[in-house]
Amino acid sequence: MELFFYLLATLTLLGALGAVLLKNLVHCALSLILFFAGIAGFYILLQAEFIAAVQILIYVGAVATLVLFAIMLTQNVIGETTLKGLGQNRWWALGISLVVITVLVRAIQHQTLPSFLPEGRVTTNEIGHTLVTTYVLPFEVISILLTGAMIGAIVVAMETKKNKQQATGDRRRT
Amino acid sequence: MFVIWLLVISRTEMDKPETTLDTQMLEVNIGPQHPSTHGVFRMNVTLDGETVVRLKPAMGYLHRNHEKIAEGASYLASMPFTDRLDYICSMTNNLAYAIAVEKLAGIEVPERAQYIRVIMAELTRLVNHTLLVGFLLNDLGAFFTPTLYAFREREKILDLFEATSGARMMCNYMRFGGVKADLHPGFMEKLKEIVENYPRFLDEFEKLLTENEILMSRCQHVGILPKHLAVDASATGPLLRASGVDYDIRKVDGYSIYPRFKFRVPLGSVGDVYDRYYVRILEMRESIKILEQAMKEIPPGEFISKQGATGAKSPRTFRPPKGDAYGRIESPKGELGFYLVSDGTPNPYRYHVRPPSFINLTILEDMCLGCKVADAIIILGSVDIVLGEVDR
Amino acid sequence: MERLDQLFVLLKKIILQFAESFLPAPLLPFLSILVSITAIAIFAPLTMMYLTWLERKVIGRMQNRFGPNRVGIYGLLQPIADGIKMLTKEDVIPLGADRVTHFLAPVAVVVPSLLLFSVLPFGRNMTAVNLDIGLLFFIAVSSIGTLAIFMGGWASRNKFSLLGAMRAFAQMISYEVPLVLSVVTVVMIVGSLSTEKIVEAQSGWGGLRWFVFTPWGFVGFMLFFICSVSEVNRTPFDIPEGESEIVAGFHTEYSGMKFALFYMAEFLGAFAYSAMAATLFLGGWQGPLLPSWLWFGLKTFCLVFTMIWLRGTFPRFRVDQLMSYAWKFLFPMGLSNILAAGIWYHTPFPLSFIFATWILLLSFIGLSRLNPTGTRLERRTYRFAE
Amino acid sequence: MSYGLGILKGMSVTLKQFVESYTKKGSIVTVQYPEERREDVERFRNFPILVYDEKPEAPRCVACDICAKECPPKCITIVRDRDEQGRGLQKPKVFDIDLSVCMSCGICEEVCPFDAIFMDHQFELSAYDRMESLNYHQEKLLKPNSYLHQIRPTDATQIDAKLKAKEEAKKKTQPGTTA
C-alpha cells in the first residue's frame, strides 16, 4: 500500500513545484490542477471517497476554472506570459517560507492528533447527519457568506457593464 | 446586515472606477475560406469579447473580368457568361440581358416567348428563395436538414430546366427576341405537378421553421435595417421589402407581360432577419400564383421572332444601332440591370451589370454593429449574396 | 430467463474460476477488476463507433437520403473505415501552439468520459465499480471534461479556437448547476447516492414506479436531459464548435487521431449521460420481460436517438441566449423542482401529485412569462401591397 | 404561450420524414449513381462532337470556321485541308476542341450552317492530365449519324429530313443546268 502513497506524494509535489516554477502562466494553472488531483488521491487512500469526489468537484471543477478564467481576463489573451522569475524579492520569500515551515513542524510534533476518528468506513449519510445536526451553525454562516460574495460579484459586474455600454455607445458614433 | 454593508460600500466605492476592466479588442478575419460566407468573401471583424465593434467587408476574390471580356465578344457570345453571374438563378440573368439588348436594338418578342420567359423567371425565384432559406438555417446551425429539403424541391425544377434548355444550372436559354427552343413535350405536365405540390412543401417547411422558438429568438430583432437607411443605400429586392418599402420592379416597371398577372408583394414590418426570411416564403407563394395563371394562359405560336432567329443564327451580323440602353428586371436578389452602349459594331462599346447583391452588401456593417459574431454570420446569410454576382 | 439475465456476470465468474487454477490468491481481486475494466474498454469504443454510424444513418434518413451504405452492407463497416482514415491522417500541430497542452488536451478529454462508464449500472449487479457515491463521482468527473476542452482550445493558439474555448467554459459551467439541481431531487427521494439503490428504488408495479411518472421526476428528467445535451456540446447547444460561426471551435487545429479522440469523447459523453438519465429517471435496468442489460440498452438507445433527432432538426442558440436560458430559466426551475419534490415526499398520495404539479406549472408559466427573451417572440402579420 | 410547441412541431416534421423514408416509396430521392443511373434527357448537352454520314473521312464539316469565331471561350481550332496544288478543300485537316476550356454552352451547334457539330450526352470523360489528353482531335470527335439518332432522335430526324430536302433541291437545279 505504501508504494501507492509514495507514488502519489511525488506526483503531488511535482504538481505543487510546477505551479510555482513554470514560466507559462497557464502551465502553472494546469500543474495546480495536477496538485489538486493528487490531494484527491490521498483522500481515496484514506478510504474517504466522498471527500475525494467533493475535492475533485470543488477544486478541479470550480477553483481551477476560476483561476484559468482570471488568467484569461487579465493577461493579454493570446500572448506568451513569461514571468520575470523570482526577481529581487527572492530573499523575502525564502525567509517567510522558513518561518512557516518551522511553525508547522512544531505544531505537528507537540499536538497529538485528535483520535476521535470512528473506526470503519464513514458513510455519506453519516456525514450528512452530522453536517446538519452538530455543525449546523457553521454550515448556515458559510451559506450566508457565499450569498454575500455572489451578490458582491454581481454588483461589481453590473458596474463595469454599465460604463462599458457607454464605451461601445460612443465608439459606434465615431 | 453583512449584505447591506456590502451594498453601501459598493455604491460609494464604485463611483470612481480608476482601473476600468477593459478587455482587449480581438481582430478576426472571417476569411475568404470560411464555411458560411456563401463563397469567397472576407469580413475583417474587430470583436470586443463577442460583440462586433467594426466590420470591413473585403471582396474581389472571384473577379473574372466579365465586363471587359463582354466588350471584346459579340452580343450573343456573352449570353452564356451571364449564367455565371448569379450561378443560382441563371434564367433571370439571361432574361435581364435579353431585355436590355431588346431595348437597345428594338426587337419584338412574340407572345409565347413572353409567357415562357415569365414561367422560367418565376421558377428561378422559387429555386433561389428555397435555397436561401436552407442556407440561412445552415448558418444558424441546423445540420443541413432544411437545406436538403430545399435541394430536394430544387432538383425537380432543375430537371425541368435541363429538359428544356439542355443544362441544369448554366441554361443559356434566352435569345434576343425569344428563347432558344420551344418547351419540350412533357413540360406542361411536370410543371403542373410541381406547382400543385409546392405549397404543400412550403407548409411543411413553415411547420419545421417559422414557429421554431430557437429560430425566432435567434432572428427576431437582429440586424435591423431601418427603412430610410435601406432607401438611402439603394438596397433592392426582399431585403428592401422586408424593411417595409413597397418597391418591386415587376410592379413598378411592368416589364414583359407581368402587368397581366394578378399577384401581391409581401412587405415586412421590422426589417430584421426574421422578416427577410418570412417575406421570401410569402414571395414564393406569390410566384406559385403567377405560375398557375401563366400555365393557363400560355398561347401556341412561335417561340422566337424572325429577326431574333436570324440574329441567333449569325451573331456577327447582329449590329444594334448606335446608342445606349438600360434594361432591368426583378431578380430574386433585387434589381438586376444591364447597361449597354453600342457603337454600331457587333461588339458592345460598354457593358455594365448592376448586381443587386453587391449593392445590398454595402450596408452590411450598419446592420452588424453591436451584435454578436453569430449574428453577423446570419445577417450576411439573410442579405442573400452570391459572390459570382458581387465580384463579376 | 435468470441465466440470460445474469449472462455477463456468469461469464466473469467462469473467467475467474479458470484463472484461479494458475494465479496466486491475492491477485484475484485485481483480476476481477481487470476483467470489468477490459469489458468497458472494449464496450465503450465499440459503442462510440456504432453511435457515429447510427447518427449518420438516422440523420440521413431524416434528410431523404440513405446515409453510408457503401462500406459493407448498410454501411456497417463505415466506422472502421473512419477509424483507419483517422489513423492515417497527418497529425498537424500548428507552429504557434504550445505542444504540451496541445498534446495533452485530447487525452484529458477522453479520460473523464471513459471514467463515467465505471459508475453506470448496465444490468442487475453489473455495475463496474459499485461506489456508494456513484452519482457524485459521475458529476465530479464530468466537470474535468470542461477543463480539457479549454486546454484544447487555448493551446492551438488560433483566434477561432480561443473563442470556442471561452464559450465552452461559460456554457458548461452554467449548465452544470441545473444538472446538479435536477439530480438532487432524485437523491433526496432515494436517500442515497449509489446508482444501484436509485435503480432499486424504482422497481415494482411493472415500471409504474419510475421516477419519470412523478411530476417532479418528469421536470427533473427534462432538466437533466437538456443539461446533458449541453454538457456534451450537441445541437442546439453546440456553440463551442459552432461550425458556421467559428469554423470548428476548440478543435479547429486538431486533425488525425487527436480529432478522433475529441469526437470519441463527445459520443462517449452522449452515451454516458443518456445512460445516467435512464438510470435516474427511467428505472435503469428495470423492466418486465427482457433481461436487465437489454432494458438498459433499449432505454439508452431511445435517449441517444432523441439526441440525434435534436441534431437533425434544430438551429443553434446564440451565446448570450444560452446563458440567459440556463440562469434565468433552468436554474429557477431546478429550485422549484426541489421544492415540489420535498412537498411530494411529505404529503399523502392524492394530494402530493396535485401540489407538486401545481407548483411546477406555476413556476413554468411564471418563468417563461417573466423571461424577457420569452416575451419578444411574437408571430408577425405581413401586409401586402397590390 | 407557444413556448415549447413550435419546437415539438419542428421535431414532428423530421420524425415524419424519418418514418416515411421506410414506408413511403418516393421519399428517398437520392440516386445511387454507379449502380442506378438517371434516364437521359434528350436536350442535355455536354461536349461537342462532329458528325459524319458514311465514312469518317468525309465529315459534314466544311471547315468554314464560323463556330471557331462564335465560340465564346474560343476553344475550337480548325485548319482547312489542302490538296497538292494548295487549293483549299471542303474538309478540315485539323479540328481540335480543348475540353478543359469548353463550357458546353451549345452556341457552336446553333450557329453551324451545315449541322455538322452537335452536343453529346457523354459526361464520363475523366483524364489523367489536363493538357494533352483533354485536347480532343478530329478522330476522337467524329461520331456516326446513327449515334446522333440514338441520343437525339427528334433533332436527328428533323436534320436528316432538311438535308434530304436540300439534296433534292440541289439535284433538281443541277440536272437542269447540265441538261
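The values are calculated or read from the model by the stated rules, or taken from the named source; none is laboratory data. If you're wondering where the values come from, they're calculated on a predicted model, not measured in any experiment. Cβ sites come from the backbone with ideal geometry, for glycine too, and all protein chains shown count toward neighbours.
Put simply, of D:Val94, D:Val51, D:Val111, D:Val62 the only residue that is away from chain B (no Cβ under 12 Å), β-branched (Val, Ile, Thr) and closer than 24 Å to B:Phe318 by Cα is D:Val62. Among the numbered criteria (1) at pLDDT 85 or above; (2) touching a helix residue (DSSP H, G or I) at 6+ places or on another chain (Cβ under 7 Å); (3) of a type outside the set (A, V, I, L, M, F, W, C); (4) under 30 Å from C:Ala170 (Cβ atoms), which single criterion is violated by B:Arg54? Tallying (1) at pLDDT 85 or above; (2) touching a helix residue (DSSP H, G or I) at 6+ places or on another chain (Cβ under 7 Å); (3) of a type outside the set (A, V, I, L, M, F, W, C); (4) under 30 Å from C:Ala170 (Cβ atoms), B:Arg54 fails exactly one: (2).
The criterion of at least 1 residues that are touching a Phe, Trp or Tyr at 6+ places or on another chain (Cβ under 7 Å) and away from every other protein chain (no Cβ under 14 Å) is met by the following helices (runs of 4 or more DSSP H) wholly inside region C:289-362: C:292-313, C:331-346. Filter region B:166-185 down to the residues that are within 11 Å of D:Arg43 (Cβ to Cβ) and in contact with a strand residue (DSSP E or B) (Cβ under 8 Å, 6 or more places away or on another chain), then identify the one that is nearest to the other protein chains (Cβ to nearest Cβ). Here the residue is B:Gly166. Evaluate region C:117-131: report whether one residue or more is assigned to a helix (DSSP H, G or I), crowded, with 18+ Cβ neighbours inside 10 Å and without any contact (Cβ under 8 Å) to a residue 24 or more places away in the chain. No: zero hits. Suppose we filter region B:253-268 for residues that are out of contact with any strand residue (DSSP E or B) (no Cβ under 8 Å at 6 or more places or on another chain) and within 11 Å of chain C (Cβ to nearest Cβ); how many remain? Qualifying residue count for the region: 3.
With respect to A:Glu159, determine if the residue is at pLDDT 85 or above and in a helix (DSSP H, G or I). The answer is no for A:Glu159. Here region B:42-91 is the region considered, the condition is being of a type in the set (S, T, N, Q) and within 14 Å of chain D (Cβ to nearest Cβ), and the residue that is surrounded by the most Cβ atoms within 10 Å (Cβ to Cβ) is B:Ser90. Per this entry, C:Arg369 is not counted among residues that are among the basic types (Lys, Arg) and within 12 Å of chain B (Cβ to nearest Cβ).
All conditions in (1) assigned to a helix (DSSP H, G or I); (2) within 13 Å of chain D (Cβ to nearest Cβ) hold for B:Ala230, with the sole exception of (2). All conditions but one from (1) more than 18 Å from D:Thr30 (Cα to Cα); (2) buried (at least 17 other Cβ atoms within 10 Å of the Cβ); (3) of a type outside the set (D, E, K, R) apply to C:Ile37; the one that does not is (2).
In the set C:Ala128, C:Ala155, which member is at pLDDT below 85, facing chain A (nearest Cβ under 10 Å) and at negative phi? After ruling out the rest, the residue left standing is C:Ala155. Residues that are in contact with a Gly (Cβ under 6 Å, 6 or more places away or on another chain), crowded, with 18+ Cβ neighbours inside 10 Å and modelled with pLDDT of 90 or more number at least 2 in none of the helices (runs of 4 or more DSSP H) confined to region D:48-153. Within region B:311-327, the set of residues being out of contact with any Leu (no Cβ under 9 Å at 6 or more places or on another chain), at pLDDT 85 or above and surrounded by fewer than 15 Cβ atoms within 10 Å (Cβ to Cβ) comprises just one member, B:Lys322.
Are any residues in region C:55-75 hydrophobic (A, V, I, L, M, F, W, C) and surrounded by 14 or more Cβ atoms within 10 Å (Cβ to Cβ), and if so, which ones? Passing the criteria: C:Val58, C:Ile59, C:Met62, C:Phe66, C:Val71.
Within region B:326-359, how many residues are part of a strand (DSSP E or B) and within 30 Å of B:Arg280 (Cα to Cα)?
Total satisfying the criteria: 15.
Would you confirm, using the coordinates I've provided, whether B:Glu204 is part of a loop (DSSP other than H, G, I, E, B), over 22 Å from the mean Cα position of the chain (by Cα) and under 30 Å from B:Gly141 (Cα atoms)? I'd like the intermediate steps shown before the answer.
Working: part of a loop (DSSP other than H, G, I, E, B): no; over 22 Å from the mean Cα position of the chain (by Cα): yes; under 30 Å from B:Gly141 (Cα atoms): yes.
Answer is no for this residue.
Selection of region C:17-30 for residues being loosely packed, with under 15 Cβ neighbours inside 10 Å and assigned to a helix (DSSP H, G or I) yields C:Gln17, C:Phe18, C:Glu20, C:Ser21, C:Phe22, C:Leu27, C:Leu28, C:Pro29, C:Phe30. Has region D:137-146 got at least one residue that is free of Cβ contacts under 8 Å to residues at least 24 places away in the same chain and farther than 23 Å from B:Arg168 by Cβ? Yes: one or more hits. The residues of region B:134-186 that are aromatic (Phe, Trp, Tyr), part of a helix (DSSP H, G or I) and surrounded by fewer than 24 Cβ atoms within 10 Å (Cβ to Cβ), listed by number, are B:Phe135, B:Phe151, B:Phe161. Annotation: A:Leu34 fulfils all but one of (1) assigned to a helix (DSSP H, G or I); (2) touching a residue at least 24 places away in the same chain (Cβ under 8 Å); the unmet one is (2).
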